[in-house]
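This report refers to the structure that appears directly beneath it.
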Amino acid sequence: MAQGRGSVVKCMGVMLCLMVCLKTSFAANYTVGDDSGWRLGVSSWPNGKSFKAGDVLEFKYNKLFHDVVVVNKGGHDWCISTAGAPKMQTGDDRVTLKKGDNYFICSFPFHCLLGMKIAITAE
């Protein structure tokens, strides 16, 4: 009897690993701004693309001149980064999209106002 339980546990472990691998393999990876990267005027980059929760955005940029801040709709629309908002500054940041609306801006002065912001809705 104990031997049978061990086999069931192993089988469940293998199935769990397969499910995790399958979910990961269906996530898409996107480089924000494509070859030009995270830059001024990138706000229209998401147009025509379909995003799903779990997809990964990669922000590539010069960290001396830009950053990536996760904001809410108001922060995106008004180009405001609130205290405590998650900020990334490595020059090669990856973000996994959550279901629903996802907003990102550059908090360097005037960059967001010059179109360095994106809004993405993930299904």
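Read the figures in this text as sums done on the coordinates, not as results from a lab. What you are looking at is a predicted structure, and each value in this text was computed from that prediction instead of being measured. Methodologically, a virtual Cβ is constructed for each residue, glycine included, from the backbone with ideal geometry; neighbour enumeration extends over all protein chains shown.
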- Listed by range, strands (runs of 3 or more DSSP E) wholly within segment 59-123 having at least 1 residues that are touching a residue at least 12 places away in the same chain (Cβ under 8 Å) and in contact with a helix residue (DSSP H, G or I) (Cβ under 6 Å, 6 or more places away or on another chain) are 100-105, 117-122
- Please find, within segment 62-109, the residue that is nearest to the chain's Cα centre (by Cα) out of those that are at positive phi and surrounded by 12 or more Cβ atoms within 10 Å (Cβ to Cβ). Gly91
- Task: Kindly list the number of the only condition in (1) surrounded by 15 or more Cβ atoms within 10 Å (Cβ to Cβ); (2) within 19 Å of Tyr30 (Cα to Cα); (3) in contact with a strand residue (DSSP E or B) (Cβ under 9 Å, 6 or more places away or on another chain) that fails for Cys112.
- Result: (2)
- Note on the structure: When (1) in contact (Cβ under 8 Å) with a residue 40 or more places away in the chain; (2) under 17 Å from the mean Cα position of the chain (by Cα); (3) surrounded by 15 or more Cβ atoms within 10 Å (Cβ to Cβ) are applied to Lys52, the one that fails is (3)
